[in-house]
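Have a look at the structure below, then the notes.
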Protein chains: 2
Amino acid sequence: MPEDDRLSRVFAALADPTRRDIVARLAVGDATVGELAEPYDVTVQAVSKHLKVLGDAGLVSRSRDAQRRPCHLEAEVFDLMTKWIERYRQQAEERFRRLDALLASIDEESGDGTDGTDDRPAGNDQTGAAS
Amino acid sequence: MPEDDRLSRVFAALADPTRRDIVARLAVGDATVGELAEPYDVTVQAVSKHLKVLGDAGLVSRSRDAQRRPCHLEAEVFDLMTKWIERYRQQAEERFRRLDALLASIDEESGDGTDGTDDRPAGNDQTGAAS
DNA sequence: CTCATTGACAACCATACGGTTGAATAAGGA
DNA sequence: TCCTTATTCAACCGTATGGTTGTCAATGAG
């Protein structure tokens, strides 16, 4: 499966409060569909659907114990999200730092505010760069 | 806004590849709607909708520069996600460690495999615990 | 003032989503 | 064997989503 697709599934799966709640419960310990359904006032079928979504996203795996199909949380998928998030957070924070440095340098040489624009660090001139 | 709702919006916003791509571009630098729309073969209106979703999730903010409405990435929202993810990842990993310790302790006293069930660490007996 | 640019809003369409009910499958227990 | 439990599958319903086209508001340039 394409990694992009997988990321989409994971994010979409966690966009639902009930499914996040299920993940929270599974973090405590494995559980069956019936057990997971109990706290909510929805049918077992609905929870089964939620579990299918979580399963397709790779967040939970199922095993078999007689008629039961216990659900198990697969924590490693979280790494995929964390990696994605951290990447852009760091990028954004880096950009913020650069802007901060720019403002500081402008502040330093206050009095001849005519050529300060040349101090702009290269690489963040996205605005206005496109045709 | 309820935090749960906010989290849902953020996850839902990032569940779309185009919107993740937009976030990636904004991490490099602010941009206008038109600039953001260019790489994709969808209309500007569609991108505007995407930006509304990202805005409602608190992921991007808008300012005004003449007719233009530059988009700016708000990195702090990532913290909300990271916190949620780390919480359950750590819980799941902790549970994994406990299971590992259990298996190790069982392995140690191999030979009298009759009462090993009492060695189960407390707190992870979710399965079968619900009434 | 008039026009071009930038972007948002409204209405519409097809599809996906979360939920339901009802029936089917799988596995034990009487 | 028949019945109960646990879970899924199938069909349906209302609403949300991502996309389109068309129109309108805001602003700057001629």
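The values are calculated or read from the model by the stated rules, or taken from the named source; none is laboratory data. Note that the structure is predicted; figures quoted are calculated from it, not measured. Neighbour counts run over all protein chains shown; Cβ positions are idealised from the backbone, glycine included. Ligands, DNA and RNA are stripped out before the accessible areas are found, and what is left, the full protein with its side chains, is counted by its heavy atoms. Shrake-Rupley method; radii C 1.70, N 1.55, O 1.52, S 1.80 Å.
Annotations for the structure displayed:
- Scan of the range B:49-84 for residues that are within 27 Å of B:Asp4 (Cβ to Cβ) and among the polar types (S, T, N, Q), ordered by number: B:Ser61, B:Thr82
- Residue list for the range B:50-78, filter: more than 16 Å from DNA strand C (Cβ to nearest atom) and either more than 8 Å from every other protein chain (Cβ to nearest Cβ) or in a loop (DSSP other than H, G, I, E, B) (or both): B:Ala75, B:Glu76, B:Val77
- Only a single item in (1) within 16 Å of DNA strand C (Cβ to nearest atom); (2) among the small types (Gly, Ala, Ser); (3) in a helix (DSSP H, G or I) is not met by B:Ala104, and it is number (1).
- Residues in the range A:1-12 that are open to solvent by 20 Å² or more (accessible area, probe 1.4 Å) and either touching a residue at least 40 places away in the same chain (Cβ under 8 Å) or more than 26 Å from B:Arg19 (Cβ to Cβ) (or both): A:Glu3, A:Arg6, A:Arg9, A:Ala12.
- Taking the conditions (1) within 15 Å of DNA strand D (Cβ to nearest atom); (2) modelled with pLDDT of 95 or more in turn, A:Gly58 satisfies each one other than (1).
- The set of residues in the range A:1-29 that are assigned to a loop (DSSP other than H, G, I, E, B) and either among the aromatic types (Phe, Trp, Tyr) or at pLDDT 95 or above (or both) comprises A:Ala15, A:Asp16.
- Residues located in the range A:30-49, provided they are within 11 Å of DNA strand C (Cβ to nearest atom), in contact (Cβ under 8 Å) with a residue 24 or more places away in the chain and within 14 Å of another protein chain (Cβ to nearest Cβ): A:Val47
- Given (1) more than 12 Å from DNA strand C (Cβ to nearest atom); (2) facing chain B (nearest Cβ under 7 Å); (3) without any contact (Cβ under 8 Å) to a residue 60 or more places away in the chain, index of the condition A:Ala15 fails: (1)
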